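K.L.:
Structure provided below as structure tokens; questions to follow.
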Amino acid sequence: MIKVFSDIEELSNFAAETFIEIGNAAIEKLGQFSVVLAGGSTPKSLYQLLAGENFKDKIDWKSVYFFFGDERNVLPDDKQSNFLMAGESLLKPLQITDNQIFRWQTELGDATAIAANYEKIIGRVFNLEVNPPATAGGSDIFPHFDLILLGMGADGHTASLFPETDALQETEKIAVANWVEKLQDFRLTMTFPTINNASNIIFLVSGAEKAKTLKQVLHGRFQPEIFPSQAVKPINGDLIWLIDEKAAQFLA
Ligand code: 6PG
């Protein structure tokens, strides 16, 4: 489903309503709600809304468990950290307890070790046998998140799955360290098998600078090496694109 909004405020309000709806349904069905947060700047207004007067009482936050789709290779108190951004805009204002938050432990230093550690954390939470021998299909070794929030970069990346990077090919690991040549650094990211195993995926995309790429991603030839966001195709879940008018300007 693709929905276009006049601006980021309208987009974020709809996203907040959808977040609450999905969350309450998960709590009703499973007794808890596991959500993967997106980084970058677009989701910030959604997070602030969820922690604000209009939404903070609409879900039992004690039943919500927070994960991160990707992280920069920085310490958790670095201003570049996705964990820091979510902490300031959502987790701290809602007084979410540490045992409900599962972040990339970037203080471990080595990117590969950070990713392996995160895989183990997620594996424990979902009772998965991490790194089992590859099984056909693979979906029984990947977590089933109730909701994954994603952004899209102007180059078509999502999470930290950047064009022409090794992580795009990953079929067995839940989370990896991904060398990004243009950043000259590692990024930490969940993989497509993890993302595509979610029950619900919401893309939040705003800004004119994304319009050209968004047209390619949604209506162009399937070339996920160049436009990784095209590879987000939930196996048994729902995919929702929430887009503002500026980003949607070429989607005639
Ligand atoms: C990150 C995000 C990344 C982000 C896109 C869009 O770590 O930056 O996970 O995938 O969602 O780059 O970023 P903006 O929302 O800032 O445009």
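The values are calculated or read from the model by the stated rules, or taken from the named source; none is laboratory data. Note that this is a predicted model, so its numbers are computed, not measured. When we count neighbours, we look across all protein chains shown, and the Cβ atoms used for this are built from the backbone with ideal geometry, even at glycine.
K.L.:
Confirm whether Asn200 is surrounded by 21 or more Cβ atoms within 10 Å (Cβ to Cβ), polar (S, T, N, Q) and either modelled with pLDDT under 95 or within 14 Å of the ligand (Cβ to nearest atom) (or both).
P.N.:
no
K.L.:
Would you mind listing the helices (runs of 4 or more DSSP H) fully within region 1-110 where at least 3 residues are in contact (Cβ under 8 Å) with a residue 24 or more places away in the chain and more than 16 Å from the ligand (Cβ to nearest atom)?
P.N.:
Filter on region 1-110 gives 8-30.
K.L.:
Okay, moving on. When Met152 is evaluated against the numbered criteria (1) modelled with pLDDT under 95; (2) within 17 Å of the chain's Cα centre (by Cα), which criterion, by number, is the only one it fails?
P.N.:
Result: Met152 passes all but (1).
K.L.:
Looking at region 165-175, can you tell me whether even one residue there is within 11 Å of the ligand (Cβ to nearest atom), touching a residue at least 40 places away in the same chain (Cβ under 8 Å), of a type outside the set (Ser, Thr, Tyr) and buried (at least 24 other Cβ atoms within 10 Å of the Cβ)?
P.N.:
Residues of region 165-175 that are within 11 Å of the ligand (Cβ to nearest atom), as a first pass: none.
No, that holds for no residue.
K.L.:
Out of all the residues in region 1-24, which are out of contact with any Phe, Trp or Tyr (no Cβ under 8 Å at 6 or more places or on another chain), more than 25 Å from Phe83 (Cα to Cα) and surrounded by 15 or more Cβ atoms within 10 Å (Cβ to Cβ)?
P.N.:
Correct list: Val4 only.
K.L.:
Given the conditions (1) over 17 Å from the mean Cα position of the chain (by Cα); (2) under 27 Å from Gln249 (Cβ atoms); (3) within 13 Å of the ligand (Cβ to nearest atom), and given that Lys212 satisfies all but one, which numbered condition is not satisfied?
P.N.:
(3)
K.L.:
Go through region 218-252 and give me each residue that's closer than 24 Å to Val35 by Cα and part of a helix (DSSP H, G or I).
P.N.:
Pro228, Ser229, Gln230, Ala231
K.L.:
Output the number of residues of region 137-164 satisfying the condition of being within 16 Å of the ligand (Cβ to nearest atom) and not in a loop (DSSP other than H, G, I, E, B).
P.N.:
Number of matching residues: 7.
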